[in-house]
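The values are calculated or read from the model by the stated rules, or taken from the named source; none is laboratory data. Just so you know, these numbers come straight off a predicted model, no measurement behind them. Heads up, the Cβs are rebuilt from the backbone with ideal geometry, glycines too, and the neighbour counts pull from every protein chain shown. Only protein heavy atoms, including side chains, enter the accessible area calculation; ligands, DNA and RNA are left aside. Shrake-Rupley method; radii C 1.70, N 1.55, O 1.52, S 1.80 Å.
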Amino acid sequence: MFTPDPIPRPNGPPASSTPLGDYLSEEHHGVDQAYAVLPRSLAESMPLPWQRHMRELLAEFHQAFGHLKWPVYRVVPTRYERLVDLDEEQLAEIGYTMEVDDTGELEYRSRDGVPIEHPEQQRVLVPCLDPIPRRHGGSRGST
């Protein structure tokens, strides 16, 4: 029998049509605008049921996108530092220079020679030691 009462709607926001994109848009370790990086040592130390599930998801992912021409990715651990806190070697490594201008002030320049305004407010990514321990032993693909 039909009721004249309206159908009850679930409380809360509607389900998203982009749940992974929504999650990755939030601030998370290993995620930026273009990539989501999983440290292999942490993934391989997950509980066995998680590893099995992750393996199946990755296998489906690679099957679906294996036809694309994939580059080789090199992941470099980095951290944000203030430009003015870097030494000359660190500046050179990330493509910046520091020199004394005609007035005796330090002047910072980007790789293309453009002066950096307000270098004390400029934060840049600088390579650092990886704080996540690597697995020791005979893992495949290690160099």
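Which FRET efficiency value, to the nearest 0.05, do you get for Val76 and Ala34 by plugging their Cβ-Cβ distance into 1/(1 + (r/R0)^6) with R0 = 25 Å? So the FRET efficiency works out to roughly 0.95. Rolling a 1.4 Å probe over the protein chains gives Ser16 an accessible area of about 60 Å². Per-residue surface analysis assigns Tyr23 an accessible area of about 120 Å², computed on protein heavy atoms at 1.4 Å probe radius. Helix 48-65 and the longest principal axis of the Cα set of the chain meet at an angle near 80°. Counting other Cβ atoms within 10 Å, which trypsin sites (Lys or Arg not before Pro) in the stretch 65-95 have at most 12 and lie in a DSSP loop? Here the sparse-neighbourhood loop sites are Lys69, Arg74. The fraction of all Cα pairs in the chain landing in successive 10 Å bins from 0 to the largest distance is 8, 22, 25, 19, 15, 6, 3, 1, 0, given as whole percents. Atom-type composition of the exposed protein surface of the chain places 56 percent of the accessible area on carbon and sulfur (1.4 angstrom probe). Accessible area per residue was computed with a 1.4 Å probe on protein heavy atoms; Asp32 scores about 90 Å². When only alpha carbons are used to place a centre, the stretch 83-135 and the stretch 3-49 end up 35 Å from one another.
Considering only alpha-carbon pairs that sit under 8 angstrom and 6 or more positions apart, the relative contact order computed for the stretch 30-143 is 27 percent.
Helix-only estimate, please: 222 nm mean residue ellipticity of the chain, summing -39500 (n - 2.57) across DSSP H runs of length 4 or more and dividing by its residues, to the nearest 500. Could the numbers behind the result be given before it?
Numbers: 4 runs with 35 residues, N = 143.
Helix-only estimate at 222 nm: -7000 deg cm²/dmol.
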